[in-house]
Amino acid sequence: MKTLIKYSGIALLMAMGFQAQAQDVDVLVVEDNENTTLWDRSLPNFRYPDQRGISTFEPTKDNNYGEFEGVQVRLGGAFALQFQALEQENASGAPELYELGKDFNLATANMTFDILLAKGVRVHLNTYLSSQNHPDTYVKGGYLQVDNLDFISEGLASGLMEHLRIRFGHMENNYGDAHFRRSDNAMALYNPFVGNYLMDSFTTEVGGEIYYFNGPWLGMVGFTNGKLNQSTSSEGHTSPSLLAKFGYDNQISEDFRFRLTGSVYHTNQTKSAYLYSGDRAGSRYYNVMSGPDANNPGDGFRSGRINPDLKNELTSFMINPFIKAGGLEFFGIYERASGKYASETDERSWNQYAGELIYRFGNNENFYVGGRYNTVNGELKSGEDVTVNRFNIGGGWFMTKNILTKVEYVNQDYNDYPTGDIHNDGQFNGFNIEAVISF
């Protein structure tokens, strides 16, 4: 109890420090002699980057655009800072692990642009200003989203476009619902905990997606070129990857919402499948299951995550239920990934299960407590069947709709990894505290 009180106090101090530098600003208008540029939070068909965006998945299809009055530019950002107090161990004789201290991690930052170019036409760009793996600035990705075709000809396919949305770009691909609740570098406000899921299905590839919305029903089909790093050389050539999603999402009553989706991602004969290793920003659990031995360094910047390592052929599907009844919220994952290296004869498979129960309370649900259980099992390339389990428990406080502080306890253990593997009888646990600003 003393430990929990101590770390809760640190969380409060971190959040108060953030609050001193941040304010809720909804609209800023910048004018010059000829044009008015509106910096606005409420663009159409857009997910709010604050508390209002919690439990949002694909932005609702909204055809009430109003009159287009010129280009609108929205500049946003996110900042996150964590205090980590973890301990770790593995089997005697396994490669050495780092001895972890209790200290602050590198502060991370994002910068986003959302620009309304025409009626129902928006471009999004996200840049990582600082991340664990790349302390220098680089572009995560971006896309063009089209919800209306009046920019080509007024009224063009208006009946069809009431239900359709088109996205194209080098972008975060919409496989599953888990990526809507994960921390995206500094954008950690949607995640009720500090860490992401064990099999963190997230990648940014060049491609396109077509959405269909009809009442509570939604569908999506898409394709990508299957590459994280782009190249026109024959050495980097890949076959297209395909993805699809189908689901039902209905606010059945004022206090009850039900959502259920199924998604699939398939790639064949690609040079390297990045669905479970595409996050270049890095894990929230710094230096876990990693060590100083250059010949066996462990997880590196992806520490604590599980990559099924199905490099050249991969088929994954995910089912996600989401239920919100009053302040009680449940989100679940069932995921199965199968595939192989080109050199392997037989396919291997991995399964992921996760259940997350959150209770939100207080004015505008600005407090929450909850727990998450996440387990993964599958076959290594070397043939061993292994299992990894993680348990999180914690809570958070939205000091304003743009400022969140959260505390969690995490315990993760690795089972049946072979002798000589750094994960052999591996385990880490302890507290993490995170303060987040997003606007």
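The values are calculated or read from the model by the stated rules, or taken from the named source; none is laboratory data. Not measured: the values here are computed from a predicted model. Neighbour counts are summed over all protein chains in view; Cβ atoms, including those assigned to glycine, are modelled from backbone coordinates with ideal geometry. Just the protein is used for accessible areas: all its heavy atoms, side chains included, with ligands, DNA and RNA removed. Shrake-Rupley method; radii C 1.70, N 1.55, O 1.52, S 1.80 Å.
Some notes on this structure:
- Note on the stretch 280-291: among residues that are part of a loop (DSSP other than H, G, I, E, B) and in contact with an Asp or Glu (Cβ under 6 Å, 6 or more places away or on another chain), the one that is nearest to Pro308 (Cα to Cα) is Met289.
- Residue in the stretch 411-430 that is within 25 Å of Gly76 (Cα to Cα) and either part of a strand (DSSP E or B) or touching a residue at least 40 places away in the same chain (Cβ under 8 Å) (or both) present: no
- Of the criteria (1) modelled with pLDDT of 95 or more; (2) part of a loop (DSSP other than H, G, I, E, B), which one Arg167 fails: (2)
- Glu313 fulfils the conditions (1) buried (at least 17 other Cβ atoms within 10 Å of the Cβ); (2) within 22 Å of Met171 (Cα to Cα); (3) in contact (Cβ under 8 Å) with a residue 60 or more places away in the chain except for a single criterion, (3).
- Whichever residue in the stretch 57-71 is closer than 29 Å to Asn366 by Cβ and open to solvent by 40 Å² or more (accessible area, probe 1.4 Å) and, among such residues, is nearest to the chain's Cα centre (by Cα): Thr60
- For the criterion of being within 30 Å of Trp217 (Cα to Cα), at pLDDT below 95 and of a type in the set (S, T, N, Q), Asn312 fails.
- Residue list for the stretch 180-216, restricted to those being aromatic (Phe, Trp, Tyr) and closer than 20 Å to Phe330 by Cα: Phe180, Tyr190, Phe193, Tyr197
- Flag if Gln82 is of a type in the set (S, T, N, Q), at pLDDT 90 or above and either under 18 Å from Asn402 (Cβ atoms) or surrounded by 17 or more Cβ atoms within 10 Å (Cβ to Cβ) (or both): yes
- Residue that is farthest from Glu89 (Cα to Cα) [pool: residues in the stretch 290-305 that are in contact (Cβ under 8 Å) with a residue 24 or more places away in the chain and open to solvent by less than 10 Å² (accessible area, probe 1.4 Å)]: Gly304
- Among the residues making up the stretch 243-275, those that are more than 26 Å from Ile323 (Cβ to Cβ) and either within 19 Å of the chain's Cα centre (by Cα) or not in a loop (DSSP other than H, G, I, E, B) (or both) are His266, Thr267, Asn268, Ala273, Tyr274, Leu275.
- The set of residues from the stretch 192-207 being open to solvent by 10 Å² or more (accessible area, probe 1.4 Å) and either without any contact (Cβ under 8 Å) to a residue 12 or more places away in the chain or not in a loop (DSSP other than H, G, I, E, B) (or both) comprises just one member, Val206.
- The criterion of at least 3 residues that are within 23 Å of Ile358 (Cα to Cα) is met by the following strands (runs of 3 or more DSSP E) wholly inside the stretch 46-124: 72-89.
- Qualifying residue in the stretch 171-179 (condition: touching a Lys or Arg at 6+ places or on another chain (Cβ under 7 Å), surrounded by 16 or more Cβ atoms within 10 Å (Cβ to Cβ), over 30 Å from Leu86 (Cα atoms) and not acidic (Asp, Glu)): yes
- Test for Leu189: is it of a type outside the set (Phe, Trp, Tyr), in a loop (DSSP other than H, G, I, E, B) and in contact with a Ser or Thr (Cβ under 7 Å, 6 or more places away or on another chain): yes
- Any hit, the stretch 224-247, residues being over 23 Å from Tyr143 (Cβ atoms) and either in contact with a strand residue (DSSP E or B) (Cβ under 9 Å, 6 or more places away or on another chain) or crowded, with 17+ Cβ neighbours inside 10 Å (or both): no
- Considering each residue of the stretch 111-121 in turn, at least one proves to be charged (D, E, K, R), in contact (Cβ under 8 Å) with a residue 40 or more places away in the chain, open to solvent by 40 Å² or more (accessible area, probe 1.4 Å) and out of contact with any helix residue (DSSP H, G or I) (no Cβ under 7 Å at 6 or more places or on another chain).
- Matching option when the condition is touching a residue at least 40 places away in the same chain (Cβ under 8 Å), aromatic (Phe, Trp, Tyr) and within 30 Å of Val410 (Cα to Cα), among Phe180, Phe213: Phe180
- Across the stretch 128-150, not a single residue is classified as in a strand (DSSP E or B), farther than 23 Å from Tyr274 by Cα, under 28 Å from the mean Cα position of the chain (by Cα) and of a type in the set (D, E, K, R).
- Scan the stretch 254-289 for residues that are open to solvent by 10 Å² or more (accessible area, probe 1.4 Å), over 30 Å from Gly430 (Cα atoms) and of a type outside the set (Gly, Ala, Ser) and the total you get is 11.
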